[in-house]
1. Does LEU106 meet the test of being outside any helix (DSSP H, G or I) and crowded, with 17+ Cβ neighbours inside 10 Å?
2. Before we move on, is ASP138 over 12 Å from the mean Cα position of the chain (by Cα) and of a type in the set (D, E, K, R)?
3. Do you know which residues across the range 157-187 are surrounded by fewer than 16 Cβ atoms within 10 Å (Cβ to Cβ), in contact (Cβ under 8 Å) with a residue 40 or more places away in the chain and either among the aromatic types (Phe, Trp, Tyr) or more than 21 Å from GLY108 (Cα to Cα) (or both)?
4. What are the pairs, 6+ residues apart or on separate chains, where a residue within the range 140-152 that is closer than 15 Å to GLY91 by Cα has its Cβ under 7 Å from a residue that is among the β-branched types (Val, Ile, Thr)?
5. Only residues that are more than 17 Å from MET109 (Cβ to Cβ) and crowded, with 18+ Cβ neighbours inside 10 Å: list them for the range 122-150, please.
Amino acid sequence: MKRHSFVVLAAVLAAACNVADNNAAAQASQGVDRPAPAPAVKEERARKPSRSAGYDWSFRIDEEVRSRPAILAYERSNTDDQRLNFTCEEGGARVFAGIAGGPANLRGMTLVSGDQKLQLGGKTEQTEIPEMPSFTSDEIPGDSLFLKAFAANGWVIVTIGDAPVDMVGSSSGTKAISDFVAHCNAG
């Protein structure tokens, strides 16, 4: 029975491929161009992101702690409105992405800057404030091609589920990104 099912499946697949090839040949003979399928990743990478009004990248170092931990945050100045942050310790050569107040079941995100794409897993934990769960990504190596592209471009497109969000820095925001990456890799 299993062998028969496999033979039937193989025949159906072969027929489907034949139909597709015959349709393509018929369209070509009639002068109909079939559009080449465009990979979704290339379109996302090629898209020029735009700035979100009022948001920019800011870089802060905690000078009171010996390891000089730092945070790079995409936020509205003088508010608690922060869309994404990256953290590291000086010279630690490892970075973590974080979101406070995101989806309680968030397990990962996609980050794109220029031609570099990074799929990040992670975990979300509950905090003292129930509506503010905190997501922390898996480690990003400090010398990753993604971080290099992010520092050079001054922007990232963050996708959670099917919702891409542009996070573009001003000239001072772009400098903040570059300074953060240098701080994380110092030494």
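1. Details: outside any helix (DSSP H, G or I): yes; crowded, with 17+ Cβ neighbours inside 10 Å: yes.
Yes; evaluated as a whole, the condition is true for this residue.
2. Numbers: over 12 Å from the mean Cα position of the chain (by Cα): yes; of a type in the set (D, E, K, R): yes.
It is true that ASP138 is over 12 Å from the mean Cα position of the chain (by Cα) and of a type in the set (D, E, K, R).
3. Scanning the range 157-187 gives SER170, SER172, ALA186, GLY187.
4. Pairs found: ILE140/VAL95; GLY142/VAL95; LEU147/VAL95; LEU147/ILE140; LEU147/VAL181.
5. Correct list: GLY142 only.
Only the coordinates and a few stated rules stand behind these numbers; no lab work does. As the structure is a prediction and not an experimental result, all values here were calculated from the model. Neighbour counts run over all protein chains shown; Cβ positions are idealised from the backbone, glycine included.
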